[in-house]
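All remarks here apply to the structure that follows.
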Amino acid sequence: MIDASALNFHSMEMHDVKAGAAGAAGAAGAGLLQRSVALLRVLATAGRRGAALTALARDTGLSNSTVHRLLAQLIAERLAMKMEDSKRYALGPLAYELGLAATHQFDIRSLCRPLIEQLASETAETVYLIQRSGIEAVCIDLVEGPTPVRVVTLHVGSRRPLGLGAGGLAILAALDDDEQQATLAQVQERIAKEWDFPEHILRESLQTARETGCSLIRNRITPGVTAVGRSFRDSLGHVLGAISVAGVNARMTKARQTTLMQSLTVATRDIERVLRGQSWARYV
């Protein structure tokens, strides 16, 4: 006689095995996706020059073989490409196409464009629109002022760790204490190593930015250039991005820095007003 309870137990055991296998497969898939996204972020940071496989492995923390395998998959899907006449890799055409499609849904750039054009005209300096992307700051737009000596230290699509440029520093300073410390733990070693920017100076800059409401950097990334920045928030109060103004040191006197900070305060309030009511703003 067949023991029904034994059959039930066996059935449950097989179900658990299948569920465990499915869970493991799902976890492996999620891990693959995370590694692929990390690689795409680094490729985006590299920009048009691209990056060598060894540099991609270093910046993602993955092995050379893993990066090589992921690159092959991304190239097959047109999300990455190997640059001609070199051993460097860059974002592929599908990444561009997806970005174009996303601009219609997350259209911060066109909403803010008239405001940063006005600011560039008023200040006669280059104005940058910076958006937060996790622990990085991404330049999504810039407008050059009418001054004869123009300063362009970033290009659209450039990515830097939060805390480095004026925009990224303003964003990091505006985060609450816990989030700011968690972000610092992830970026400060890279900033110190790649830009020779010690942690204690970064923390001093953050404290000053918190006290004044605006960030200020001088000769930090580009010699001879001073920049000021201020963050802005979405309708829920989350830090969404920043705008910054950069000019040569000779024009950036103390009095002018104060004037620019006042202009940035007005401009960021206008941006927050424009973004208010945009339901998608909380997701970017």
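Computed quantities for the displayed model
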quantity	calculated
Percent accessible area from carbon and sulfur atoms, the range 163-261, protein chains only, probe 1.4 Å	50
From phi via Karplus (6.51, -1.76, 1.60), per-residue ³J(HN,Hα) for the range 134-146 in Hz, x at Gly/Pro	x, 9, 10, 10, 10, 7, 9, 6, 8, 9, 7, x, x
Computed P(r) (all Cα pairs; the range 171-221; 5 Å bins; percent)	4, 20, 30, 28, 15, 3
Average accessible area per residue (Å²) across the range 45-135 - probe 1.4 Å, nucleic acids and ligands excluded	57
Rounded accessible area per residue of the range 158-256, 1.4 Å, Å²	45
Restricting the range 199-284 to trypsin sites (Lys or Arg not before Pro) in coil, as DSSP defines it, with at most 12 other Cβ within 10 Å	Arg276
Global form of the range 127-235, assessed from the alpha-carbon gyration tensor, a/c cut-off 1.5	prolate
At most 14 other Cβ within 10 Å, DSSP loop - GluC sites (Glu not before Pro), the range 106-203	Glu144
Computed E for Glu77/Val274 - FRET, C-beta separation, R0 35 angstrom, nearest 0.05	0.50
Under 5 Å, built H, 5+ apart or other chain: amide partners of Arg233	Leu240
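The values are calculated or read from the model by the stated rules, or taken from the named source; none is laboratory data. Just so we're clear, the structure is a prediction, and the values are computed from it rather than from any experiment. Every residue, glycine among them, receives a Cβ derived from its backbone with ideal geometry; neighbour counts consider all protein chains shown. Keep in mind that these areas ignore ligands, DNA and RNA; they rest on the heavy atoms of the full protein, side chains included. Shrake-Rupley method; radii C 1.70, N 1.55, O 1.52, S 1.80 Å.
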